[in-house]
Amino acid sequence: HTQVSSSFTMPPRRKRASSADIAAAAARKKKAFVIADDADEVLSKCRELRAKLRADMAAAPSSPSQITEKITEVAELSIDHVMEGMECIAVKIAQQVMQKQGFSMSIPSRAGSNQVYIKEWDRIVLGEKKSTRSFLNVKEARKSAITLRVLQLLHKVLGKNIHITKRDLFYTDVKLFVDQSDSDNVLDDLACMIGCTRSNLNVVASDKGLVVGRIQFTEDGDEIDCTKMGVGGKAIPPYIDKIDNIRSDAEFVLLVEKEAAYMRLAEDRFYHKYPCIVITAKGQPDVATRMFLSRIYNELQIPVLGLVDSDPYGLKILSVYMSGSKNMSYDSASLTTPNIQWLGLRPSDLNKYQLPDQCRLDMTPNDIKCGKEMLQEDFILKNPLWAKELEIMVKTKKKAEIQALSSFGFQYITEEYLPRKLREGDWI
């Protein structure tokens with residue numbers, strides 16, 4: 001047997017916190033909840049922006065401006081109306097089968113060629129083109145069967161008034177669906193056919209978005225206060241229809257691309273120093289986060305400021321929040337938030353804030369190509385200041401992440417960068 005060396009010593013036992021230490025910790029925590037001394041000065045420009053936004057919203061017509069294009073749009077429907085729409089589709093199919101014609105369905109086309117950008121509304125919508133899905137066509141028989149099966153399952157879900165996930169739906173008939181993307185795509189087709197939003201089908205995706213800050217609401221009867229949900233905040237629920245009674249004393253919404261930046265803002269209690277609501281979808285936004293942001297904007301009528309990476313993809317993420325995505329263009333009315341202001345990190349900030357060279361990353365050929373293509377897109381062309389920033393990015397061939405600001409200190413973003421941005425009203 002080998003002897004264990006007697007030189008090993010136990011680490012010293014951690015001392016119990018004294019009453020003085022506990023009091024000091026409590027004082028630090030209390031200080032974190034206090035509005036910053038310079039809040040009125042820092043938020044002056046933001047309050048002007050909020051006043052202008054509310055005046056514009058009050059002066060806007062109650063119904064959207066008329067357009068000449070023929071489009072396909074859906075609306076919020078009750079469970080009874082959605083089920084009635086499903087039953088109408090089933091009756092038409094049954095009548096065709098009884099006449100020994102097989103069956104076919106007319107479905108609004110969601111192809112790229114049927115996507116239309118409406119300048120007056122500043123969002124992407126679905127055009128009027130339709131396609132036919134026929135069970136007697138060998139190439140379309142399987143997809144026709146999937147459509148009918150999903151219709152049957154959703155009717156059962158709505159009849160029970162419950163919600164299920166996309167994954168739940170897939171596992172109800174794996175042999176037929178084979179791949180989840182097949183059942184997922186049919187959901188959007190059915191929403192278009194019925195004329196309802198996808199959320200009206202009671203099929204949701206997993207939680208992704210987070211919210212923290214000065215906002216309270218009721219979620220399915222439970223009171224939620226997002227200042228008391230721990231450091232990480234509250235997961236944005238997929239059941240947006242179960243949220244009501246939204247209240248807030250926030251001056252603005254800070255929409256953050258990255259979870260890392262969101263956690264810095266949450267831990268530093270930035271939302272108390274400068275009253276705001278902080279939201280992130282951890283990258284590409286999901287449907288629930290887009291719907292939640294749209295509701296906050298319309299109900300609270302406060303500005304939304306975007307904090308994204310200084311690269312083409314950060315700008316694309318802002319465009320999805322603002323103008324919608326081609327995938328969900330039929331439901332863009334409830335998924336888009338107009339007038340988002342680009343706060344940072346902008347290409348011009350790299351020199352303005354003297355970001356070190358090692359934090360400025362070289363753009364890849366694909367980044368440059370994406371940037372040049374975006375310069376031709378409608379949502380960029382309508383905003384000359386955004387186009388100017390994108391031109392700087394493409395010309396210098398440099399990009400940077402929000403976390404690059406940490407090179408000046410871990411709390412630089414909350415203690416220096418954002419307060420200065422807000423004080424100067426430096427958004428576009």
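The values are calculated or read from the model by the stated rules, or taken from the named source; none is laboratory data. Just so we're clear, the structure is a prediction, and the values are computed from it rather than from any experiment. Note: ideal-geometry Cβ built from the backbone for every residue, glycine included; neighbour counts use all protein chains shown. Side chains included, ligands, DNA and RNA excluded: accessible areas come from the protein's heavy atoms. Shrake-Rupley method; radii C 1.70, N 1.55, O 1.52, S 1.80 Å.
Couple of notes before you dig in:
- Relative contact order for the range 178-243: 29 percent, from Cα pairs under 8 Å spaced at least 6 residues apart, divided by residue count.
- The stretch between Arg247 and Asp225 holds 7.0 nm of extra length on full extension. This uses 0.36 nm per residue minus the Cα-Cα distance.
- Full extension of the chain segment joining Leu361 with Met83 gains 94.8 nm, where the gain is 0.36 nm per residue of separation less the Cα-Cα distance.
- Rounded tilt (10° steps) of 312-323 against the dominant C-alpha axis of the chain: 60 degrees
- As computed over the range 162-213, the Cα convex hull volume per residue (Å³): 102 Å³
- If you plug the beta carbon distance of Ala75 and Glu259 into 1/(1 + (r/R0)^6) with R0 = 35 Å, you get a FRET efficiency near 0.60.
- Over all distinct Cα-Cα pairs of the range 116-180, the Kirkwood formula returns a hydrodynamic radius of 14.5 Å.
- Long-range HN-HN contacts of Ile71 with modeled amide H, under 5 Å: none
- Per-residue HN-Hα couplings for the range 127-139 [Karplus 6.51, -1.76, 1.60; θ = phi - 60°; Hz; x = Gly/Pro]: x, 8, 5, 10, 10, 10, 10, 10, 5, 7, 7, 4, 5
- The apolar share of the surface of the range 301-428, taken as the fraction of accessible area on carbon and sulfur atoms (1.4 Å probe, ligands and nucleic acids excluded), comes to 49 percent.
- Among the protein heavy atoms, those of Thr414 account for about 0 Å² of accessible surface (1.4 Å probe, every chain in place).
- The range 211-260 - Debye-derived log10 I(q)/I(0), Cα point model, q = 0.30 Å⁻¹: -1.32
- Solvent exposure ordering (accessible area, 1.4 Å, most first) of Asp349, Asp184: Asp184, Asp349
- With both residues required to sit in the chain, DSSP beta bridges show an antiparallel share near 65%.
- Measuring with a 1.4 angstrom probe and ignoring ligands and nucleic acids, Tyr412 comes out at about 40 Å² accessible.
- Working note: Cα atoms of the range 67-169, range along each principal axis, descending, whole Å: 45, 35, 25.
- Contact order normalised by residue count of the chain, Cα under 8 Å, 6+ apart, percent: 16 percent
- Working from label points 7 Å from Cα in the Cα-to-Cβ sense, the Ala94 to Ala205 distance is 3.5 nm.
- Given a 1.4 Å probe and the protein chains as shown, Val174 ends up with an accessible area of around 60 Å².
- Sorting Asp80, Asp378 on solvent-accessible area from highest to lowest, probe radius 1.4 Å, gives Asp80, Asp378.
- Using alpha-carbon coordinates, inclination of helix 287-300 to the longest axis of the chain, degrees: 70 degrees
- Å² of accessible area per residue within the chain, as computed with a 1.4 Å probe and no ligands counted: 52 Å²
- In degrees, nearest ten, helix 19-32 long axis to first principal axis of the chain (Cα): 50 degrees
- Calculated Rg and Dmax of the range 314-428 using C-alpha coordinates, Å: 15.2, 44
- Placed amide H near Cys276: partners under 5 Å, 5+ positions off or other chain: Arg214, Glu251
- From phi via Karplus (6.51, -1.76, 1.60), per-residue ³J(HN,Hα) for the range 99-111 in Hz, x at Gly/Pro: 8, 6, 9, x, 7, 9, 10, 9, 10, x, 6, 9, 5
- Projected label distance in nm at Glu48 and Asp179, using a 7 Å step from Cα toward the beta-carbon: 5.3 nm
- Residues with amide H under 5 Å from that of Trp342, placed H, sequence gap 5 or more: Gly306, Ile428
- In this rough spin-label picture, where each label sits 7 Å from Cα along the Cβ direction, the Lys352-Asp378 distance is 2.9 nm.
- Stokes-Einstein D (µm²/s) once Rh is taken as the Kirkwood radius of the chain over alpha-carbon pairs, at 37 °C in 0.692 mPa s: 134 µm²/s
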